[in-house]
Amino acid sequence: MAKKPPNDAPKSSGNGTDRKPLRSEKWFNIAGDPGMTALYLERYFNFGLTPEELQSGRPIIGIAQTGSDLSPCNRIHVDLEARLRDGIRDAGGVPLVFPVHPIQETGRRPTASLDRNLAYLGAVEVMHGYPLDGVILTTGCDKTTPALLMAAATANLPSIVLSGGPMLDSFRDGKPGFGSGAIAWECRQRFSAGDITGEEFIKLVGDAAPSLGHCNTMGTASTMNSLAEALGMSLPGCASIPAPYRDRAQMAYRTGRRIVDMVHEDLTPDKIMTREAFENAIAVNTLIGGSTNAPIHLVAVARHMGVELNVQDWEKIGFDLPLLVNCQPAGEYLAESYHRAGGVPAVFARLRELGKLRGEALSVSGQTMAEAYADAKVYNDDVIRPLDNPLKQQAGFRVLTGNLFDSGIMKTSVISPDFRERFLSDPEDPDAFESRVIVFEGPEDYHDRINDPALKIDERSTLLIRGAGPIGYPGAAEVVNMQPPDALIKAGISALPTIGDGRQSGTSGSPSILNVSPESALGGGMAIVKTGDILRVDLRKGRVDMLISDEEIASRKAAWQQSIPPHQTAWQEIYRSMVGSLSDGMCLEPATKYNRVTEVTPRNNH
């Protein structure tokens, strides 16, 4: 059990004599201006709120509601909202719920990552422009967590994360099966091999989602909620509680109580999300086998917080650490088992054993991380391995560069023994290979041509997809984890090297080279590589190069012309005009200069 947080911050007595004025009072209790005060109060009265609630020095707490029918992964928050309200009111606050633009990874076309920055913008405007003293961030599906952390960083109001939690573990034939997300990639291969029918495909994928909650694998959702806790932005133990557990509703209540205290303590994100906190999160990501989407999102959060963090830090801090959490796709178990083994607190216990815990970082509990997790322990050594029995040593991301791109990453913890044997085990050239590349112009081209015999794809080929980046797609689609042609799958070849300027699902176990910058839509090596070129990948040197002459590279670049699909909506055009690279967090670049925007009260509206 974590130690009880301090509870000695000054609280309002209702007479305004023992507390700092609240931000909301600049709307609801403006000295000498009853006219504007009345205007701001009036419509909040019309659904039953009273002057006693809004004008007695009680903190107004926003609940950023991400749950809806369009967002099944976050729908649990529709139910949890009542417990959040209870906690807020019991601690002396007043809850006000506001909607967040929906983000559902599996439902949104062309890609849900378009919505991360849109939800961020909307949440910032709410936090800045409305009478809120603190905010609860309800998170779950992949992009909801970074979108709201980015908004909290920009606004810098006291903020706390309530994760919705993963689904329960799924089973097949009475045994733990492939988890949600991961089952889709397994079934694609089985379908291509002719082992299952289309109906069986759909049933197997559906059966892997047995309850409310987000993915029950260590995909991007479980990763980002674990990292939110590792950053100190949720109460200890919050991240991994399965959505249907009673503990999840109890955590909601405690989160509601805690945010009220945070307002009185003026405990803001800039005091929590420090450089030390981000280093903790990077380390935890390696230990849990976290998603390749994590660097994109955490770099974005750091930039909006004003903390120096870049993609190279992921290798410097995280590469040499071990993989300890035995959870799919890098391991065997699912998220409910991860929770029962101790969740993030247990991972912090292992990090402490490694001597890598930045214990001085703060938690929303009001304690340092060292204090908050002092009593944490591991309850299952097979699910969360001891240091002397890791799943892998040196399990972090390798950051790569070369003449094909300036920056890309590879998740080394999912390199299978078969892949290593075929591509990385030449004793005269260890951890390196050379390969003929097959280039696809987006996922449609890949699906149309992957089985074309004229491409002569063999067990030594590399598959490359371009036009999948933030500008080119738009939004950077999860399409890089391409499977081999059906003929190779039937012959027992389940994976080839894959490279792309987009992303891939965190539930995928493909050891892709991805998040490539600059993307092909901006030129560079990814724009000019051709089918039949030979690529050299050298993990020891951290390079990926086209083995063509400098003269040929210059000639191709001179002949290159940008070609991207037309904008389909106004937001796509706005997004493309402002978005940065994956290596820089895929932020809206003009937005990164705005920090702590709630420090200045907006002008009156009448």
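The values are calculated or read from the model by the stated rules, or taken from the named source; none is laboratory data. This is a predicted model, so every value here is computed, not measured. As a convention, Cβ positions derive from the backbone with ideal geometry for all residues, glycine included, and neighbour counts pool all protein chains shown. These area figures cover heavy atoms from the full protein model, side chains too; ligands, DNA and RNA do not enter into them. Shrake-Rupley method; radii C 1.70, N 1.55, O 1.52, S 1.80 Å.
Comparison of R75, R19 shows that the only residue that is modelled with pLDDT of 95 or more and among the basic types (K, R) is R75. Among the residues making up the stretch 202-215, those that are hydrophobic (A, V, I, L, M, F, W, C) and surrounded by 17 or more Cβ atoms within 10 Å (Cβ to Cβ) are L204, V205, A208, A209, L212, C215. Look at (1) touching a Ser or Thr at 6+ places or on another chain (Cβ under 6 Å); (2) free of Cβ contacts under 8 Å to residues at least 24 places away in the same chain and you find that G198 fails only one, number (1). Here are some conditions: (1) closer than 11 Å to T531 by Cα; (2) among the aromatic types (F, W, Y); (3) open to solvent by 10 Å² or more (accessible area, probe 1.4 Å). F440 meets all but one. Which one does it not meet? For F440, the failing item is (3). Would the stretch 169-176 turn up any residue that is farther than 20 Å from P102 by Cα, open to solvent by less than 10 Å² (accessible area, probe 1.4 Å), outside any helix (DSSP H, G or I) and modelled with pLDDT under 95? Yes, because at least one residue in the stretch 169-176 is farther than 20 Å from P102 by Cα, open to solvent by less than 10 Å² (accessible area, probe 1.4 Å), outside any helix (DSSP H, G or I) and modelled with pLDDT under 95.
From the list R275, R258, the one residue that fits, being surrounded by fewer than 20 Cβ atoms within 10 Å (Cβ to Cβ) and assigned by the TED database to the domain that holds T145, is R275. β-branched (V, I, T), part of a strand (DSSP E or B) and not assigned by the TED database to the domain that holds G502: is that true of V124 in this structure? Taking the combined requirement at face value, the residue does not satisfy it.
Among all residues of the stretch 533-543, there is at least one that is assigned to a loop (DSSP other than H, G, I, E, B), over 31 Å from the mean Cα position of the chain (by Cα) and within 26 Å of R420 (Cβ to Cβ). Only one of the numbered conditions (1) out of contact with any His (no Cβ under 8 Å at 6 or more places or on another chain); (2) among the acidic types (D, E); (3) not in a loop (DSSP other than H, G, I, E, B) is not met by E105, and that is (3). Filtered by the rule that a residue be open to solvent by 30 Å² or more (accessible area, probe 1.4 Å) and either under 24 Å from T255 (Cα atoms) or not hydrophobic (A, V, I, L, M, F, W, C) (or both), the stretch 345-356 gives R352, E353, G355, K356. Being in a loop (DSSP other than H, G, I, E, B) and of a type in the set (A, V, I, L, M) is true of I457.
Could you list, in sequence order, all residues of the stretch 480-511 that are among the basic types (K, R) and either open to solvent by 10 Å² or more (accessible area, probe 1.4 Å) or not assigned by the TED database to the domain that holds E434 (or both)?
Residue satisfying the conditions is K490 alone.
One residue alone among A527, A521, A477 is open to solvent by 10 Å² or more (accessible area, probe 1.4 Å), assigned by the TED database to the domain that holds E444 and not hydroxyl-bearing (S, T, Y), and that residue is A527. Candidates in the stretch 387-420 are the residues that are without any contact (Cβ under 8 Å) to a residue 12 or more places away in the chain and assigned to a loop (DSSP other than H, G, I, E, B); of these, the one that is most open to solvent (accessible area, probe 1.4 Å) is D388.
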